[in-house]
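Undergrad: Submitted below is the structure of interest, expressed as structure tokens.
The values are calculated or read from the model by the stated rules, or taken from the named source; none is laboratory data. Fair warning: this is a prediction, and the values are worked out from it, not measured in the lab. Ideal geometry is used to build each Cβ from the backbone, glycine not excepted, and the neighbour counts take in all protein chains shown. Surface areas here come from the heavy atoms of the whole protein model, side chains and all, with no ligands, DNA or RNA. Shrake-Rupley method; radii C 1.70, N 1.55, O 1.52, S 1.80 Å.
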Number of protein chains: 2
Amino acid sequence: MTLEEQVLDRIKPSPEEKEKLQEVASELLSNVITAAKQLGIKNIIPKLVGSAARNTWISGTHDLDIFIAFPESTSREELKVNGLLIAREVAKDGKNIEERYAEHPYLNMNYRGFDVDLVPCFAVDSASMIKSAVDRTPFHNEFIKMSIPGREDDVLIMKQFMKGTGTYGSELRTQGFSGYLTELLIVHYGSFRNTMRNACNWKPGLTIDMLEHGTVKHEDPLIVIDPTDPKRNVAAALSLNQFAQFIDVCRLYTEEPSEDFFFPKEKAPMKENEIIDMMNSRGSSFVAIVFKAPDLVDDILYPQLDKMEHSVRALLDEYDFKVLNSGYWAKEDAIILLELISSELPNVKKHRGPPVWVSEHAQGFKEKYQDSDELFSLYIEDGFYVADIRRKFSTAKHLFNKRMRTCSLGKHLGEAVTEGFTILEGNEIAKIKESEFRIFLRKWEQKK
Amino acid sequence: MTLEEQVLDRIKPSPEEKEKLQEVASELLSNVITAAKQLGIKNIIPKLVGSAARNTWISGTHDLDIFIAFPESTSREELKVNGLLIAREVAKDGKNIEERYAEHPYLNMNYRGFDVDLVPCFAVDSASMIKSAVDRTPFHNEFIKMSIPGREDDVLIMKQFMKGTGTYGSELRTQGFSGYLTELLIVHYGSFRNTMRNACNWKPGLTIDMLEHGTVKHEDPLIVIDPTDPKRNVAAALSLNQFAQFIDVCRLYTEEPSEDFFFPKEKAPMKENEIIDMMNSRGSSFVAIVFKAPDLVDDILYPQLDKMEHSVRALLDEYDFKVLNSGYWAKEDAIILLELISSELPNVKKHRGPPVWVSEHAQGFKEKYQDSDELFSLYIEDGFYVADIRRKFSTAKHLFNKRMRTCSLGKHLGEAVTEGFTILEGNEIAKIKESEFRIFLRKWEQKK
């Protein structure tokens, strides 16, 4: 049995598991029709979409996406009201019911052990005429159901490979490959192996346009034109780093295949002394900004953490602190971690003024500094006045405590930071007990 | 009495002092003729040149430049031999006789308390036809003697102002204003005050061409076309910094005239604790490279020190040490002093490799670092491989001890450094006892 067959063996749903899923899905579809009838809502069509409908789901994932399609002529208001009425009726038998929001509200619930989304949508004639983003999904469903038969196993293996290597998932936290994108790659390249072989030589700007119908120029690292919508790049959410990461792991796997790519060994949290040793051996300065993480869904929280990381790096840069590496982690607390060349700078800072011969500016510059307590020395260098003055912030900690508010932060993190934050340095960071944070720190030990 | 009259009172030679100089100069000119006769050398003309001949010498300076002009038809060899024969004959009555070299050899001696140069030259028809650089001097002499009468006092005041402000002297150590250049400025602007007034608004590229006969484009900060040679810029030796410095002190003097510009108070050497306080308050790292200064004339030593300062800064820069300020000082020891943001850097250094998608380079990069002891971590950033590796030199001292030989150094300093050098840091520098070095350190306290 090849390695890939062995993997498939672990991830392919058993006939019993499939049967169970079919049964629950059928029940839900029929419940939707019953509910609509009871409520007197006509002309709706329930549809099972997503990987469950395409036979591309991995054993153990119990997600069901049930779409409730309304006629195109339905008004937005009517769809919203009636869609939720039907969903709530169906959800009567479910648990942990939650109203969620995309463009429209939809319901999420647990139903007989399955994680079920009940999503109202418009039944439009083609994906290029959609009235709401979710209307596209049924078209994707049709395309994959038509083109994937016989290659479902390759999709499963590819998905598992991406999961294992951290490249699966198009949400903002991951910025990797979506399920639909993975399926399209298998349709295009024909198999897991052939996709891998080709990905080893991908270059940014690569365009895959199976139906040769693309109409728009995209600037993304990978462009996969949606077979159901010529204007859309299915890979738009894939970041340059995840694109590069995928190429890298494809090469590594091709050179030396191993089960670890699919099922990586769980990383152990670093121990306190390991963290201290790591920091000492690098000899750089580690600084952590710690604050209470606001209670937000990942797609809102992670982009804001990303923005904060960038703002904080820009702040450090503005005040001459050189950042080597940075990252963020969040659970109950959120932590922005920075590795600096040094978290301390000398008091003195060189400030170059105008050339001596530009007399108006020269006068102003000298007057500003001449009798200032902030001045160490004032001299001419290369024809320019230069003032060696006192630096405003000679430690990163002082800078953060005084200037964090000037950082451009997302709404929720801005509020969280205003409520308070703590700066930890060096060994204080090694005392943070959260084991997931201590796994996150392994990033600093990573060797490809 | 105005300030400038008071200054003049201190620097203008008394009638007695002038008479004494006249007497000694006459005696020397007559001795040259006698010597030539004795030696049977014909057609030579002795000339008194320089400030002594022009009445632009400052009281107390006892320099006499006696030129021995040979007919233009004389061969170089003949001039060299016969010139020195005459000079040696004249020098029989002098002390501390030294043979020195410009383009030709000449004699320097002490004669009745005067510092006398006896310089053979060719008597050419015009300064544009000179056969040797010194041949130009008699033409300068004629031009100034013709145009300066009535303004000698302004030259004296200007020279003293330049001496007091460190801008006088065209030798390579100073790169300031020569005596001839100073005289030309007074001829052009008419007076000390008018020169000062104009200099406040000088800009680089200013051209003064009194005879409107300049023929060559010069790139220097100040261009003063030689009235006796249309191709030559008399201010070619003036550095941009001295040009700027002069503008600056002219402005300061114009705003608030004071005797201090002419006769600056002597700076006291810094005390050990003052040096330590200065370094601590700046918070930067001071590093000194100390070695035995080779016994060289200033015009050879200082350009080499300048070159060494630049090479050392380039070396530091190459290895990520950031230089704030630097300088050099020499007496028995030579010292290159460097002020750094920090003389220590973390062990880790970020090394960016090729983009992941350039597979040939990617392979080489990963192979080079993957299993190296020098590797801390290897990861992908912005689509590029990045290796966090061990820095070769994490202290400036270590860098100097290992790599000083790779610096591009002048011949003599290269030899001196090869024989050995010492690196001093921080408080060790405060222990250097040389009082002139401790005055030099006041540069770090300078406030205009």
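Undergrad: For the range A:90-102, check the following and say yes or no: at least one residue is open to solvent by 40 Å² or more (accessible area, probe 1.4 Å), assigned to a loop (DSSP other than H, G, I, E, B) and more than 21 Å from A:Ser26 (Cα to Cα).
TA: yes
Undergrad: Right, another one. Just checking, which of A:Glu309, A:Glu266, A:Glu318, A:Glu256 is within 14 Å of chain B (Cβ to nearest Cβ), open to solvent by 70 Å² or more (accessible area, probe 1.4 Å) and either among the aliphatic types (A, V, I, L, M) or free of Cβ contacts under 8 Å to residues at least 40 places away in the same chain (or both)?
TA: Result: A:Glu256 is the single residue among A:Glu309, A:Glu266, A:Glu318, A:Glu256 that is within 14 Å of chain B (Cβ to nearest Cβ), open to solvent by 70 Å² or more (accessible area, probe 1.4 Å) and either among the aliphatic types (A, V, I, L, M) or free of Cβ contacts under 8 Å to residues at least 40 places away in the same chain (or both).
Undergrad: Which numbered condition trips up A:Arg391, out of (1) more than 9 Å from chain B (Cβ to nearest Cβ); (2) touching a strand residue (DSSP E or B) at 6+ places or on another chain (Cβ under 8 Å); (3) open to solvent by less than 60 Å² (accessible area, probe 1.4 Å)?
TA: (1)
Undergrad: So, in the range A:367-388, how many residues would count as being outside any strand (DSSP E or B) and either in contact (Cβ under 8 Å) with a residue 60 or more places away in the chain or within 8 Å of another protein chain (Cβ to nearest Cβ) (or both)?
TA: Of the residues in the range A:367-388, 3 are outside any strand (DSSP E or B) and either in contact (Cβ under 8 Å) with a residue 60 or more places away in the chain or within 8 Å of another protein chain (Cβ to nearest Cβ) (or both).
Undergrad: Can you say whether B:Phe114 is touching a residue at least 60 places away in the same chain (Cβ under 8 Å) and either under 25 Å from the mean Cα position of the chain (by Cα) or buried (at least 20 other Cβ atoms within 10 Å of the Cβ) (or both), as far as the supplied structure shows?
TA: Answer is yes for this residue.
Undergrad: Please work out if A:Gly364 is small (Gly, Ala, Ser) and in contact (Cβ under 8 Å) with a residue 24 or more places away in the chain.
TA: no
Undergrad: Here is a follow-up. Identify all residues within the range A:335-365 that are over 16 Å from A:Ala387 (Cα atoms), at the interface with chain B (Cβ under 10 Å from one of its Cβ atoms) and crowded, with 20+ Cβ neighbours inside 10 Å; write none if there are none.
TA: A:Glu339, A:Leu340, A:Ile341, A:Leu345, A:Trp357 - these are the residues of the range A:335-365 that are over 16 Å from A:Ala387 (Cα atoms), at the interface with chain B (Cβ under 10 Å from one of its Cβ atoms) and crowded, with 20+ Cβ neighbours inside 10 Å.
Undergrad: Taking the range B:226-244, which residues are within 23 Å of the chain's Cα centre (by Cα) and open to solvent by less than 40 Å² (accessible area, probe 1.4 Å)?
TA: B:Asp226, B:Asn233, B:Val234, B:Ala235, B:Leu238, B:Ser239, B:Gln242, B:Phe243, B:Ala244
Undergrad: List every residue pair whose Cβ atoms sit under 6 Å apart, with the two residues 6 or more apart in sequence or on different chains, where the first one lies in the range B:219-236 and is within 14 Å of another protein chain (Cβ to nearest Cβ) and among the aliphatic types (A, V, I, L, M) and the second, anywhere, is surrounded by fewer than 23 Cβ atoms within 10 Å (Cβ to Cβ) and part of a strand (DSSP E or B).
TA: Once the first residue is within 14 Å of another protein chain (Cβ to nearest Cβ) and among the aliphatic types (A, V, I, L, M) and sits in the range B:219-236, its partners that are surrounded by fewer than 23 Cβ atoms within 10 Å (Cβ to Cβ) and part of a strand (DSSP E or B) give B:Leu222/B:Leu206.
Undergrad: Can you name the number of the only condition in (1) modelled with pLDDT of 95 or more; (2) outside any helix (DSSP H, G or I); (3) over 14 Å from A:Ala25 (Cα atoms) that A:Ser73 fails?
TA: For A:Ser73, the failing item is (1).
Undergrad: If A:Phe192 passes every condition in (1) under 23 Å from the mean Cα position of the chain (by Cα); (2) modelled with pLDDT of 95 or more; (3) under 28 Å from B:Phe384 (Cβ atoms) but one, which one does it miss?
TA: Condition (1) is where A:Phe192 drops out.
Undergrad: For the range B:149-162, give me the residue count where each residue is more than 16 Å from B:Arg193 (Cα to Cα) and crowded, with 18+ Cβ neighbours inside 10 Å.
TA: The number of residues fulfilling the criteria is 0.
Undergrad: Got at least one residue in the range A:429-445 being more than 26 Å from the chain's Cα centre (by Cα) and either outside any loop (DSSP other than H, G, I, E, B) or away from every other protein chain (no Cβ under 14 Å) (or both)?
TA: yes
Undergrad: A follow-up question, please. Of the numbered conditions (1) assigned to a strand (DSSP E or B); (2) open to solvent by 40 Å² or more (accessible area, probe 1.4 Å); (3) within 30 Å of B:Ser128 (Cα to Cα), B:Ile66 satisfies every one except a single condition; which is it?
TA: In the conditions (1) assigned to a strand (DSSP E or B); (2) open to solvent by 40 Å² or more (accessible area, probe 1.4 Å); (3) within 30 Å of B:Ser128 (Cα to Cα), B:Ile66 misses (2) alone.
Undergrad: Quick one: which of A:Ile223, A:Ile247, A:Ile275 is in a strand (DSSP E or B), crowded, with 19+ Cβ neighbours inside 10 Å and over 16 Å from the mean Cα position of the chain (by Cα)?
TA: Just one listed residue meets the conditions, A:Ile223.
Undergrad: Let me ask another. For the range A:104-201, please list each of the helices (runs of 4 or more DSSP H) lying entirely inside it that holds at least 1 residues being of a type outside the set (A, V, I, L, M) and under 29 Å from A:Lys307 (Cα atoms).
TA: A:152-164, A:179-189
Undergrad: Same structure again: Could you check the range B:171-195 and list, in sequence order, the residues that are among the hydrophobic types (A, V, I, L, M, F, W, C) and either within 14 Å of another protein chain (Cβ to nearest Cβ) or within 23 Å of A:Asp382 (Cβ to Cβ) (or both)?
TA: Residues satisfying the conditions are B:Leu172, B:Phe177, B:Leu181.
Undergrad: In this structure, does B:Ala25 turn out to be open to solvent by 10 Å² or more (accessible area, probe 1.4 Å), closer than 19 Å to B:Asn141 by Cβ and in a helix (DSSP H, G or I)?
TA: No: the conditions fail for B:Ala25.
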